[in-house]
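> Following this message is one structure expressed as structure tokens.
The values are calculated or read from the model by the stated rules, or taken from the named source; none is laboratory data. Computed from a prediction, not measured in an experiment: that's the story for all the values here. Backbone-built Cβ (ideal geometry, glycine too); neighbour counts: all protein chains shown.
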Amino acid sequence: MFTKIKKNYFLLITIFLFLYFVFNFLGGDRGLFSYFKKKNLLIDLQNEQTKLANKIKDLEFKNSLLTSNLDLDYIEILLRQKFLLGKKDEKFYIIEKNDN
């Protein structure tokens with residue numbers, strides 16, 4: 001038995017090294033499967049980053065409406081949304097003064 005192993009020593013080492021590299025290539029933290037998981041995670045995080053950046057721009061714009069030059073229409077919208085002033089399906093009537 002040992003004579004067969006001695007004759008095929010090179011073949012056994014080659015097979016062992018091949019299997020070792022295949023398993024390490026596919027598995028582990030730096031393997032192929034892990035690469036695809038991390039790639040998908042990166043795409044999800046980039047999408048979330050763009051959503052948050054857009055939200056920050058929107059909040060900065062809303063904040064700019066509330067600084068030195070007050071936009072009264074925007075303040076009215078905020079009051080209606082936050083403090084529930086007005087009712088759903090509310091109708092507004094504008095009465096204009098006639099000089100007739």
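> Which one of these does L85 not meet: (1) aliphatic (A, V, I, L, M); (2) in contact with a helix residue (DSSP H, G or I) (Cβ under 6 Å, 6 or more places away or on another chain); (3) modelled with pLDDT of 75 or more?
Single failed check for L85: (3).
> Report, ordered by the first and then the second residue, all pairs with beta carbons closer than 9 Å, sequence separation of six or more or different chains, a first member in the stretch 33-51 that is of a type outside the set (F, W, Y), and a second member that is part of a helix (DSSP H, G or I) and loosely packed, with under 10 Cβ neighbours inside 10 Å.
No pair meets every condition.
> For N54, work out the one condition from (1) assigned to a loop (DSSP other than H, G, I, E, B); (2) modelled with pLDDT of 70 or more it doesn't fulfil.
In the conditions (1) assigned to a loop (DSSP other than H, G, I, E, B); (2) modelled with pLDDT of 70 or more, N54 misses (1) alone.
> Answer yes or no as to whether L70 is at pLDDT 90 or above and of a type in the set (A, V, I, L, M).
Details: at pLDDT 90 or above: no; of a type in the set (A, V, I, L, M): yes.
Judged against the criteria, L70 is not a match.
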